[in-house]
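Participant: Supplied in structure tokens, the structure appears directly below.
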Amino acid sequence: MNYLSTRGAGAGERHTFSDILLGGLAKDGGLYLPAEYPRVSADELARWRTLPYADLAFEILSKFSDDIPAEGLRTLTRRTYTAATYCNVRDDESAEQITPLKTLGIEDGAPLSLLELSNGPTLAFKDMAMQLIGNLFEYALAKHGETLNILGATSGDTGSAAEYAMRGKKGIRVFMLSPHKKMSAFQTAQMYSLQDPNIFNLAVEGNFDDCQDIVKAVSNDHAFKAKYKIGTVNSINWARVVAQVVYYFKGYFAATKSNEERVSFTVPSGNFGNVCAGHIARMMGLPIEKLVVATNENDVLDEFFRTGIYRVRKAAETYHTSSPSMDISKASNFERFVFDLLGRDPARVLQLFRDVEEKGGFDLAASGDFVRVKQFGFVSGRSSHADRVEAIRDVFERYDTMIDTHTADGLKVAREHLQPGIPMIVLETAQPIKFGETIREALLREPERPAAFSGIESLPQRFEVLPADVQRVKDFVVAHTGD
């Protein structure tokens, strides 16, 4: 397995999974993808159907990481995906499944289900990949006697998932940027209450895109990145994306009885990382009918999949919503799909994303490329605050199930794309407790709170407020690396 950049630098060079594991952007600012997607045979699909989650993860990841010894990788997946790690909410039986499928009912002739992804340590789907990455990083660093300074940006869930995965890990420090006063109280408390000496929370005076732009700017300073051993766990990290491929296969097996059946997935999306994993699963041969991209009021991705126009929003145009983890106006993983959409032409991808930086976007309808989107199964929709409140209320009343605000966005859009006889699986995003204000508005009651998180908002918080300034962030990293 060899990896290449979406923008073409280093063509002909060999890049293994381990080579790109600890980094983020390629040297030319592009994103890494396999030179070819591995295909899954019918025999493999049949054999994988009954595997426990940890062993399914091993089978899928081994197709992308053939430079890691098989027994070492199997040990890592089995250490990561245990019922003990995923028992914060579910009962023992469903915790064993890691990602249990909850069938809601039949709507418009289609089975409608939730794939429960939020039972990890921070109650968000990000744990599914991040817990594995924490173990992969520690394994790789110990093997080579190295250290790593992780620089990340979060709009809510990525930060806590990364910090809980990396806390106490040898050779790793985490510097996590988040938009100051723009996360929910629960999300903020999850991150800022951590007192581990290798965790640093930086509250940036700006929005998520400012945080993300700082991370990209530091990643593009190759001398600084090399000197201070900067790595990333944001969704641009390839290992995070590929780890998320696993639960598409697991969800498919849970929703079907035969590998001749097809299913659709709806994915609440801001940064395009989670749904990019679905795209990869489909390219591997998983029988996916539709990949439904659900956005909130920050509808950059919905606009593209409806019109072919990709138009990033300025800070003043980015809404602060009740599904804040999707308050994103520049989808950093989107470049991976555009690379595939354009027949893997790195020169065109490079020019298009220069246009994003210089002109604010690009138009693939005008060039005639947009017509090929349907070949990849993508459709989309958007949700408003009123829509998500109504979805939360409806699902609770109809199915006695409480969902968070992002999952509500997904459910609302999923219902617009149901097809009779084809199961629709909505990827659950987080536990409702993380967004208590909207749950109270919708249901006039408190969301359920796992015992492990009782009183978390009242714990002492440790964080530093910084302006949205690349140099100030660099200075902080330097001051806290001991170098």
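Participant: Of all alpha-carbon pairs in the stretch 206-320, indicate the percentage at a distance above 24 angstrom.
Facilitator: 41 percent
Participant: Return the subset of Lys170/Lys314; Lys229/Lys359; Lys225/Lys314; Lys126/Lys216; Lys359/Lys474; Lys63/Lys227 for which the Cα-Cα distance in this structure is over 29 Å, preserving the input order.
Facilitator: Lys170/Lys314; Lys229/Lys359; Lys63/Lys227
Participant: Can you grab the distance from the C-alpha centre of the stretch 381-454 to the C-alpha centre of the stretch 166-209, Å, no decimals?
Facilitator: Comparing the Cα centres of the stretch 381-454 and the stretch 166-209, I get a distance of 26 Å.
Participant: Return the FRET efficiency for the residue pair Asp19, Asp221: r is the Cβ-Cβ distance, R0 is 25 Å, and the value is rounded to the nearest 0.05.
Facilitator: Approximately 0.80, to the nearest 0.05.
Participant: Under the rule a/c < 1.5 gives rounded, and otherwise a/b versus b/c splits prolate from oblate, where does the stretch 281-354 land using the Cα gyration tensor?
Facilitator: oblate
Participant: Within the stretch 151-180, what residues put their amide N at less than 14 Å from the label point 7 Å along the Cα-to-Cβ vector of Asp469?
Facilitator: Taking a point 7 Å out along Cα→Cβ of Asp469, no residue of the stretch 151-180 has its backbone N under 14 Å.
Participant: Using a ≥ b ≥ c from the Cα gyration tensor of the chain (square roots of the eigenvalues), is it rounded, prolate or oblate, where a/c under 1.5 gives rounded and otherwise the larger of a/b and b/c decides, a/b for prolate?
Facilitator: It comes out rounded by the Cα gyration axes.
Participant: To the nearest 20 debye, what is the magnitude of the charge dipole of the chain about its Cα centre, counting +1 on the Cβ of each Lys and Arg and -1 on the Cβ of each Asp and Glu?
Facilitator: 780 debye
Participant: On full extension of the chain, what length is gained from Asp66 through Arg39, given 0.36 nm per residue of separation minus the C-alpha to C-alpha distance?
Facilitator: 8.3 nm
Participant: Same structure, new question: Quick one: net charge around Glu297, please, counting Lys, Arg +1 and Asp, Glu -1 for every other residue with C-beta under 12 Å from its C-beta.
Facilitator: Surrounding charge for Glu297 is -4.
Participant: To one decimal place, what orientation-averaged projected area in nm² is obtained for the convex hull of the Cα set of the stretch 110-248?
Facilitator: Mean shadow area of the hull around the Cα atoms is 9.5 nm².
Participant: Ranked highest first by average number of other Cβ atoms within 10 Å, how do 403-414, 62-73, 330-341 line up?
Facilitator: 403-414, 330-341, 62-73
Participant: Here's something else I'd like to know. I need to check one value: relative contact order of the stretch 49-174, counting alpha carbon pairs closer than 8 Å and at least 6 residues apart, in percent.
Facilitator: Averaging sequence separation for qualifying contacts and normalising by length gives 18 percent for the stretch 49-174.
Participant: Within the stretch 168-238, report the trypsin sites (Lys or Arg not before Pro) that DSSP leaves as loop and that have at most 14 other Cβ atoms within 10 Å.
Facilitator: Taking the stretch 168-238 and a limit of 14 other Cβ atoms within 10 Å, the loop trypsin sites (Lys or Arg not before Pro) found are Lys170, Lys181.
Participant: Which peptide among 100-109, 422-431 comes first, and what is the full order, when sorted by highest mean count of other Cβ atoms within 10 Å?
Facilitator: Descending packing order for the listed peptides: 422-431, 100-109.
Participant: Peptides 1-7, 157-163: what's the order by average Cβ count within 10 Å, highest mean first?
Facilitator: In descending order of packing, they fall as 157-163, 1-7.
Participant: Excluding residues fewer than 8 places away in the same chain, name every one of the lysines whose C-alpha is closer than 19 Å to that of Lys412.
Facilitator: Here the lysines satisfying the reach criterion relative to Lys412 are Lys102, Lys290.
Participant: How would you classify the stretch 376-483 from its alpha-carbon gyration tensor, with a ≥ b ≥ c the square roots of the eigenvalues: rounded for a/c under 1.5, else prolate if a/b is greater than b/c, otherwise oblate?
Facilitator: Oblate shape, in that a/c is at least 1.5 and b/c is the bigger or equal ratio.
Computed from the coordinates by the stated procedures, all read-outs in this text should not be read as laboratory data. Here the structure is a predicted model, which means the values were calculated and not measured. We place every Cβ from the backbone using ideal geometry, glycine too, and count neighbours over all the protein chains shown.
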